[in-house]
Each structure stands twice: as structure tokens, then as C-alpha cells.
Amino acid sequence: MDNRELFDALALLEKERGIPADYMLSQIQKAIVIACKNTYGGNEDVDIIMDKDTGKFEVYLLKTVVEEVEDPNREIMLDQARKLDPSARLEEKVRIELDPKQFGRIAVQTSRSIIRQGIRDGEKGQMLLEFQSRNQEIVTATVERIDPKSGAVTLKIGKAEAVLPKSEQVNGEEFREGEHIKVYIVDVRDGEKGPRAILSRTHPDFVKRLFETEVPEIFDGTVEIKSVSREAGSRTKMAVSSRDSNVDPVGACIGARGTRVAAIVGELGGEKIDIIEYDESPEKFIAAALSPANVISVVPAADGTKVCKVTVPDGQLSLAIGNKGQNVRLAAKLTGWKIDIRPESGFYGEEEEEEQPAPVPEQETSPQADAEKELAEEKV
């Protein structure tokens with residue numbers, strides 16, 4: 001391979017693998033220095049000229065001009081030095097052009113190892129840059145393969161690969177090799193085995209980024225997403241506010257005839273999305289967060305902690321709590337408040353218990369009271 005072919009090969013490597021040619025030139029220079037050191041008795045005083053534009057590639061070993069040579073690997077007689085450079089003087093250094101083919105077998109093998117390692121490190125570096133440039137963003141990836149045992153999906157993101165573990169997939173999702181899917185890059189970590197992107201389709205910010213992509217008013221900052229709570233595959237609650245009084249934040253997210261939110265629901269496989277308007281008043285915000293249930297009152301704790309008692313109509317207690325407590329759980333995550341829900345009529349025996357701290361023996365209660373208490377507990 002002549003010099004021009006070397007630089008062409010580096011250009012091709014940069015194009016196909018994304019490893020900068022300048023980086024590989026530095027690795028080649030490093031390999032040459034080590035080869036010289038191994039070949040010339042530890043002398044690593046080398047001058048390397050590499051110009052990818054002109055194709056120039058020259059290697060010079062530097063030796064000190066002396067009257068009497070003690071170390072031929074580092075020193076040269078004055079008369080020999082002046083054959084190379086007529087202006088050479090004692091104690092100065094002269095350059096001796098080298099032919100890399102003169103390097104020994106061990107030196108060549110060492111150089112190859114350094115260059116190969118340079119390629120691997122370069123690929124890792126490019127992968128890290130690829131991931132870091134998209135950290136905490138949604139990317140479109142191609143399904144490369146699916147592990148039949150673990151369910152983990154290996155994805156191609158640009159020129160890099162990453163794994164979407166089963167734990168970060170929505171229940172019921174199925175993927176096919178070659179399919180294009182959207183994933184959220186939660187974080188990027190640089191470990192011993194190289195950079196690793198933490199991918200997810202269950203993270204609340206996945207929904208947030210989808211809305212930023214789908215809703216122009218969110219993208220340009222007119223509408224702000226204040227908080228998101230999510231149980232992936234089932235339901236999401238999202239609070240939004242508007243910086244423009246003329247723009248309805250909820251309506252902007254839903255879109256004309258629901259087209260905007262429908263597109264996101266489709267991406268999430270039918271996951272339900274409740275969009276509510278954020279309010280600075282905790283009482284109003286909590287009441288809205290418990291939608292679709294109606295709220296009669298919200299009473300924050302007197303001690304200033306983020307705990308509140310919420311009263312709802314008797315017939316809407318189950319709706320406010322939700323299936324297996326999901327509605328109130330999501331509302332609590334959305335608002336950051338601990339929410340205690342009770343029906344308007346109160347729970348049976350509540351007032352009596354407040355007046356008489358001692359519990360009433362079961363045998364003293366009437367069958368009707370027992371039935372009413374059981375009915376209230378079933379509603380909860």
C-alpha cells in the first residue's frame with residue numbers, strides 16, 4: 001500500500017464507521033513511535049510527517065551528533081551526520097529518514113495491535129457521541145434481533161447498537177426484526193465494555209417527548225408540560241399550562257377532533273391519556289387530577305405537609321379511586337400530594353369513632369350496620 005492508498009483507506013474508515021481520519025492518524029503515529037522504540041534500543045525521538053491532503057508520509061529518527069558514538073541507536077558521528085545534513089554540528093540532532101519496512105516483526109505486530117485497538121476505541125468514542133447527542137430524547141431505531149429467552153430487543157440507532165430490555169417494554173408489545181420503533185434514551189453510561197444507552201418505552205418522559213413532537217404549541221414553549229404520571233400500557237395523566245391566555249393548553253394537546261392525542265395513543269398501543277390543566281392552587285389542581293371523578297372539596301392538612309382529604313359524591317367514590325386504586329395513585333404522583341378520599345356521607349361509624357375512641361365490640365353492632373360497613377369497604 002502506497003501513501004495515497006493509506007489515506008484513502010482512512011477516509012473510507014471514517015465514512016463507514018464514523019471514526020475520524022485525524023484520530024486514526026494519531027494512532028498510527030503512536031504505533032510508529034513504539035515500533036521505533038522497540039527497534040532502535042528504546043529511542044523514541046521520532047519526527048513523523050503525515051499530510052492527508054498531499055499524501056505525504058515520512059518518518060525520521062533523530063540522533064545526537066557526537067565525536068565518539070557510545071549508543072548507535074541514539075548517536076551519530078559528525079562525518080556521517082554531515083552526509084545527511086551538511087550544516088550538522090556537535091550536540092545537535094539530525095534526522096535520519098526511516099523505511100517502516102525496516103521495523104522488526106515484533107515491532108510490526110505491536111503496531112498492528114495499537115492500530116486495531118485505536119479502531120475499537122474510536123468506534124466506542126463515536127458510539128458515545130452518538131448516544132450523548134440524543135440523550136433524553138426520542139429516537140427512531142431499527143429492530144436488529146430479539147432474544148427469545150429474555151425478550152430483550154437489540155436496536156440499531158444510527159451506526160450504534162443498544163438494547164431495550166424487557167423491563168422497559170410495555171406489556172403486550174411485540175416487535176419484528178427490521179421494524180422501526182421509537183424509544184426514549186433515559187441515560188448514557190460509559191463503562192468498561194464501552195458506552196451503553198439506557199432505553200425505555202415505559203418512562204413518563206417518553207410520553208412527554210411524544211407530545212413535544214406532536215404538538216407545536218409545546219415545542220415552541222407556548223404550552224408547558226408541568227408534570228406526567230404514568231402506568232405504562234394502561235394510563236397516563238399529564239398536567240399542562242399555557243403562557244398565552246388565548247391558547248387552551250388542554251385543547252392544544254388534544255387537537256382538532258382529537259387527532260393529536262390519538263396519534264400518541266396509537267404509538268402507545270391504546271394507552272389512555274388524561275390531560276388536565278395545571279393550577280397553582282393545590283386544591284384546584286388535585287381536584288382536576290382526580291378526573292373523571294367530580295370533587296366536592298379538597299382540604300389540605302393543617303400541619304403544612306402535602307397531605308389532603310378529598311370529598312367526592314357517594315356515587316363516585318369508586319370512580320375517584322379507580323380500578324385497583326389507579327386513578328388516585330396517578331393523581332398523587334402527578335400532584336406530589338398524598339390524597340385521602342372519602343365519600344360525601346362519610347364512612348359508616350366514622351363520627352362515632354371520633355367521639356368514642358374505644359372500638360365498639362362486634363357483637364353490639366346490628367346486622368344492618370355490618371352490611372352497610374361491608375358495602376362501604378367494597379366501594380373503597
Practice problem: Would you check if MET24 is in a strand (DSSP E or B) and either of a type in the set (Gly, Ala, Ser) or modelled with pLDDT under 80 (or both)? | Solution: no
Quiz item: Can you find a residue in the range 59-66 that is modelled with pLDDT of 80 or more and part of a helix (DSSP H, G or I)?
Solution: no
Quiz prompt | Filter result (over 28 Å from the mean Cα position of the chain (by Cα) and either of a type in the set (Val, Ile, Thr) or buried (at least 18 other Cβ atoms within 10 Å of the Cβ) (or both)) within the range 251-276 | solution = THR259
Practice problem: Determine if the range 208-219 includes at least one residue that is within 20 Å of ASN327 (Cα to Cα) and assigned by TED's automatic domain parsing to the domain that holds GLY270. | Solution: yes
Exercise. Examine the range 31-44 for a residue that is among the polar types (S, T, N, Q) and under 30 Å from LYS159 (Cα atoms), and state whether such a residue exists.
Key: no
Exercise. Kindly indicate the residue of the range 297-337 that is among the β-branched types (Val, Ile, Thr) and touching a helix residue (DSSP H, G or I) at 6+ places or on another chain (Cβ under 9 Å) and also surrounded by the most Cβ atoms within 10 Å (Cβ to Cβ) among those meeting that condition.
Key: THR335
Exercise. Might you check whether a residue that is loosely packed, with under 15 Cβ neighbours inside 10 Å and closer than 20 Å to GLU214 by Cα occurs anywhere in the range 279-287?
Key: no
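Results for (1) crowded, with 17+ Cβ neighbours inside 10 Å; (2) modelled with pLDDT under 85; (3) polar (S, T, N, Q), shown as yes or no for each residue.
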position	(1), (2), (3)
GLN102	no, yes, yes
GLN109	no, yes, yes
ARG112	no, yes, no
MET127	yes, yes, no
ASP147	no, no, no
SER150	no, no, yes
LYS156	no, no, no
ALA162	yes, no, no
Quiz item: Residues in the range 86-95: is at least one in a strand (DSSP E or B), modelled with pLDDT of 85 or more, aliphatic (A, V, I, L, M) and not assigned by TED's automatic domain parsing to the domain that holds GLY158?
Solution: yes
Self-check item: Flag if THR213 is under 25 Å from GLU280 (Cβ atoms) and of a type outside the set (A, V, I, L, M, F, W, C)
Solution: no
Exercise. Determine, yes or no, whether THR311 is among the hydroxyl-bearing types (Ser, Thr, Tyr) and assigned to a strand (DSSP E or B).
Key: yes
Quiz item: Looking only at residues in the range 217-252 that are touching a residue at least 12 places away in the same chain (Cβ under 8 Å) and part of a helix (DSSP H, G or I), which one is farthest from ASP274 (Cα to Cα)?
Solution: GLU217
Quiz item: Can you pull out the residues in the range 317-328 that are without any contact (Cβ under 8 Å) to a residue 24 or more places away in the chain and outside any loop (DSSP other than H, G, I, E, B)?
Solution: ASN323, LYS324, GLY325
Exercise. Can you give me the ranges of the strands (runs of 3 or more DSSP E) entirely in the range 130-205 with at least 2 residues that are of a type outside the set (A, V, I, L, M, F, W, C)?
Key: 138-146, 153-157, 180-191, 194-200
Quiz item: How many residues, within the range 288-308, are under 11 Å from ILE339 (Cβ atoms) and either part of a helix (DSSP H, G or I) or assigned by TED's automatic domain parsing to the domain that holds ALA239 (or both)?
Solution: 1
Exercise. Check ILE19 against each of (1) outside any strand (DSSP E or B); (2) at pLDDT 80 or above and name the one condition it does not meet.
Key: (2)
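The values are calculated or read from the model by the stated rules, or taken from the named source; none is laboratory data. Quick caveat: nothing in here was measured; it's all calculated off a predicted structure. Using ideal geometry, Cβ is built from the backbone for each residue, glycine included, and neighbour counts are taken over all protein chains shown.
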